[in-house]
Amino acid sequence: DQQVKQNSPSLSVQEGRISILNCDYTNSMFDYFLWYKKYPAEGPTFLISISSIKDKNEDGRFTVFLNKSAKHLSLHIVPSQPGDSAVYFCAASVQGAQKLVFGQGTRLTINP
Amino acid sequence: EAQVTQNPRYLITVTGKKLTVTCSQNMNHEYMSWYRQDPGLGLRQIYYSMNVEVTDKGDVPEGYKVSRKEKRNFPLILESPSPNQTSLYFCASSLWPGQGEEAFFGQGTRLTVV
């Protein structure tokens, strides 16, 4: 059972525009949500996170929104830059648990 | 520099030949884990360790073994590799995933079993 789902395998956005990556989850017990970015031939790197007690967290060009009632989170990148082209994974964890649960990933391509 | 180091980066082996993928971290993290990445499935946890001599199964542990004899090292062992273990493997370490702490990943090991 996929507890964290990223239903868009790929997304293409023009440079300078907003990129919106979506993630849905089924486990209402998740307390933390994280986004990771992965370039080819590299390991994932942490991008931004949000606690379930918040509905928004912002870090420069990156903002994550959490809608607990819809069990949905999204990552907004504004403005999008060519270096943002990568695979993005959302992940979730339960307080006190020993694991991160990852989504399938979304490949973002920023076109010049 | 904070680092998780995996070796080798690439490995082609034959069915049944035992292999070990090493993982080492320099951040004094207690928590380490192994993931495999497969197309359309994202990252799935194989095994994790909460501290020295404390390991447990993740979501897809079949065919794998791990050990944690030292805090910094967490090797992944495939006693008898099979073609369905062809995958991209990542080692990760963190302070504690249950507190929303970010995980640091190695660069990955691409394994092909023929």
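Would you pick out the residues in segment B:41-62 that are open to solvent by less than 50 Å² (accessible area, probe 1.4 Å) and on the phi > 0 side of the Ramachandran plot?
Residue satisfying the conditions is B:Gly42 alone.
Suppose we filter segment A:78-101 for residues that are outside any helix (DSSP H, G or I), away from chain B (no Cβ under 14 Å) and open to solvent by 30 Å² or more (accessible area, probe 1.4 Å); how many remain? Quick ask: steps written out before the conclusion?
Kept after step one, since they are outside any helix (DSSP H, G or I), are these residues of segment A:78-101: A:78-81, A:85-101.
Imposing the further condition that a residue be away from chain B (no Cβ under 14 Å) reduces the set to A:78-81, A:85.
From what's left, open to solvent by 30 Å² or more (accessible area, probe 1.4 Å): A:78-79, A:81, A:85.
Counting residues in segment A:78-101 that are outside any helix (DSSP H, G or I), away from chain B (no Cβ under 14 Å) and open to solvent by 30 Å² or more (accessible area, probe 1.4 Å) gives 4.
Can you give me the number of residues within segment A:42-77 that are open to solvent by less than 30 Å² (accessible area, probe 1.4 Å), away from chain B (no Cβ under 14 Å) and among the polar types (S, T, N, Q)?
2
Could you pull out the residue among A:Asn27, A:Asn22 that is in contact (Cβ under 8 Å) with a residue 12 or more places away in the chain, part of a loop (DSSP other than H, G, I, E, B) and more than 20 Å from B:Asp38 (Cβ to Cβ)?
It is A:Asn27.
Do you know which of the residues in segment B:65-99 that are among the β-branched types (Val, Ile, Thr) and in a strand (DSSP E or B) is nearest to the other protein chains (Cβ to nearest Cβ)?
The residue in question is B:Val66.
Test B:Arg72 against the stated conditions and say whether it is open to solvent by 30 Å² or more (accessible area, probe 1.4 Å) and within 17 Å of A:Pro44 (Cβ to Cβ).
Here the answer is no, as B:Arg72 does not meet what is asked.
Among the residues in segment B:7-25, are any under 30 Å from A:Ser8 (Cα atoms) and either facing chain A (nearest Cβ under 9 Å) or not in a strand (DSSP E or B) (or both)?
Of segment B:7-25, the ones under 30 Å from A:Ser8 (Cα atoms) are B:9-10.
Checking which are either facing chain A (nearest Cβ under 9 Å) or not in a strand (DSSP E or B) (or both) leaves us with B:9.
Yes, that holds for at least one residue.
I need every pair where a residue in segment A:47-76 that is in a loop (DSSP other than H, G, I, E, B) has its Cβ under 6 Å from the Cβ of a residue that is aromatic (Phe, Trp, Tyr), sequence separation at least 6 or different chains.
Qualifying pairs under 6 Å: A:Lys71/A:Tyr25.
Would you call A:Gln104 touching an Asp or Glu at 6+ places or on another chain (Cβ under 6 Å), within 14 Å of another protein chain (Cβ to nearest Cβ) and part of a loop (DSSP other than H, G, I, E, B)? Let's see the steps before the verdict.
Working: touching an Asp or Glu at 6+ places or on another chain (Cβ under 6 Å): no; within 14 Å of another protein chain (Cβ to nearest Cβ): yes; part of a loop (DSSP other than H, G, I, E, B): yes.
Against the criterion (touching an Asp or Glu at 6+ places or on another chain (Cβ under 6 Å), within 14 Å of another protein chain (Cβ to nearest Cβ) and part of a loop (DSSP other than H, G, I, E, B)), A:Gln104 does not qualify.
Which condition number does B:Gln107 fail, the rest of (1) facing another protein chain (nearest Cβ under 9 Å); (2) crowded, with 20+ Cβ neighbours inside 10 Å; (3) at pLDDT 95 or above being met?
Of everything listed in (1) facing another protein chain (nearest Cβ under 9 Å); (2) crowded, with 20+ Cβ neighbours inside 10 Å; (3) at pLDDT 95 or above, B:Gln107 misses just condition (2).
Out of B:Glu102, B:Glu53, B:Glu62, report the one residue that is farther than 19 Å from B:Val114 by Cβ, within 8 Å of another protein chain (Cβ to nearest Cβ) and without any contact (Cβ under 8 Å) to a residue 40 or more places away in the chain. Spell out the reasoning first.
Working: B:Glu53 fails: within 8 Å of another protein chain (Cβ to nearest Cβ); B:Glu62 fails: within 8 Å of another protein chain (Cβ to nearest Cβ).
After applying the criteria, what remains is B:Glu102.
Mind checking which residues of segment A:9-32 are surrounded by 15 or more Cβ atoms within 10 Å (Cβ to Cβ), at pLDDT below 95 and more than 8 Å from every other protein chain (Cβ to nearest Cβ)?
Once the filter is applied, which keeps residues that are surrounded by 15 or more Cβ atoms within 10 Å (Cβ to Cβ), at pLDDT below 95 and more than 8 Å from every other protein chain (Cβ to nearest Cβ), segment A:9-32 yields only A:Phe30.
The values are calculated or read from the model by the stated rules, or taken from the named source; none is laboratory data. In this text, all values refer to a predicted model and were calculated from it rather than measured experimentally. Every residue, glycine among them, receives a Cβ derived from its backbone with ideal geometry; neighbour counts consider all protein chains shown. When the accessible area is computed, the model is the full protein with side chains, heavy atoms only, and any ligands, DNA or RNA have been set aside. Shrake-Rupley method; radii C 1.70, N 1.55, O 1.52, S 1.80 Å.
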